[in-house]
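Right, one structure below, let's go through it.
The values are calculated or read from the model by the stated rules, or taken from the named source; none is laboratory data. Bear in mind the structure is a predicted one, so any value in this text is a computation, not a measurement. Cβ atoms come from the backbone with ideal geometry, glycine included; neighbour counts cover every protein chain shown.
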Amino acid sequence: MGCIYLIRHGQASFGADDYDVLSPIGVRQAEILGSHLAELGIHLDRSISGDLRRQQHTGNSALEQLRSAFGQAPALEIDPAFNEFDAEAVIRALLPEMLSEEPEALDVMRNGAANRKEFQRIFSKLINRWLAAEYSATSLQSWEGFVSQVESGLNRLLEQADNSQNIAVFTSGGTITALLHLITGITPAQAFELNWQIVNTSLSCLKFRGKQVSLASFNSHAHLQLLKAPELITYR
């Protein structure tokens, strides 16, 4: 059977003006991941990323470690189907309708890095409303639309693959969540409960034969745990 490694990007710049940039920890996580794959003797046949900078930077940093170990690694291909959903758009569209019950929500979301626990609580409520389509905005990409986007990327990948390939997909937590929903049949709400646990640069493995896909492992981050450096285990 073939294997698709779903790899969440390294730590991004949460709370900064531009989130879509790896932090120094994020760069280190990606390098550690690449070294870990090399130590496991995993040779990749293809590597794919969404077009977000944090995804591409993670991919290229990890692949450079594989090139150093093996002398070669596949070039990073870009497929926007593996992009993250637009969390900022979800917040902008749904937050105004929540202010009557959460009057402090605007300040919390503007200063999320200073109050991560409250940010997560309110963001989770917004996500649940997005999943249930409990909003009036018409221009916002729906959960169903996002899942269709991700499914199109998976189908395209499977159509081009053979059953002996190892394929890395450098992507984001929401994208992995959509794939968990598609492949395992768990509800969107259940999938997002798992989403909150996905560690930066963690590995989830899908096994495939033709268009039959199953989940083999989820959220492995042994490459970070083995270093016994808690600061390397991050979630944003």
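Worth a mention:
- From the list 207, 211, the lone residue that is basic (Lys, Arg) and in contact with a Cys (Cβ under 8 Å, 6 or more places away or on another chain) is 207.
- Number of positions in region 155-178 that are farther than 21 Å from residue 20 by Cβ and aliphatic (A, V, I, L, M): 4
- Pairs, first closer than 15 Å to residue 213 by Cβ in region 143-168, second part of a helix (DSSP H, G or I) and of a type in the set (Gly, Ala, Ser), C-beta under 6 Å, six or more apart: 147/178; 150/178; 152/81; 153/81
- Residues satisfying the stated conditions in region 17-53, i.e. farther than 17 Å from residue 221 by Cβ and of a type in the set (Lys, Arg): 46, 53
Let's see how each residue does on (1) out of contact with any Phe, Trp or Tyr (no Cβ under 8 Å at 6 or more places or on another chain); (2) aliphatic (A, V, I, L, M); (3) buried (at least 17 other Cβ atoms within 10 Å of the Cβ):
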position	(1), (2), (3)
20	yes, no, no
26	yes, no, yes
29	yes, no, yes
45	yes, no, no
55	no, no, yes
58	no, no, yes
62	no, yes, yes
68	yes, no, no
75	yes, yes, no
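- Among residues of region 200-213 that are more than 16 Å from residue 44 (Cβ to Cβ), those with a beta-carbon under 9 Å from a residue that is β-branched (Val, Ile, Thr) and assigned to a strand (DSSP E or B) at least six positions away or on a different chain give the pairs 202/7; 213/4.
- Among the candidates 121, 116, residue that is surrounded by 12 or more Cβ atoms within 10 Å (Cβ to Cβ), within 20 Å of residue 11 (Cβ to Cβ) and charged (D, E, K, R): 116
- The single condition among (1) modelled with pLDDT of 90 or more; (2) closer than 15 Å to residue 189 by Cα; (3) not in a helix (DSSP H, G or I) that residue 140 does not meet is (2).
- Inspection of region 7-23 finds no residue satisfying the criterion of being farther than 30 Å from residue 121 by Cβ and either in contact (Cβ under 8 Å) with a residue 60 or more places away in the chain or more than 21 Å from the chain's Cα centre (by Cα) (or both).
- Pairs, first in contact (Cβ under 8 Å) with a residue 12 or more places away in the chain and closer than 14 Å to residue 124 by Cα in region 86-100, second surrounded by 14 or more Cβ atoms within 10 Å (Cβ to Cβ) and among the charged types (D, E, K, R), C-beta under 6 Å, six or more apart: 94/129
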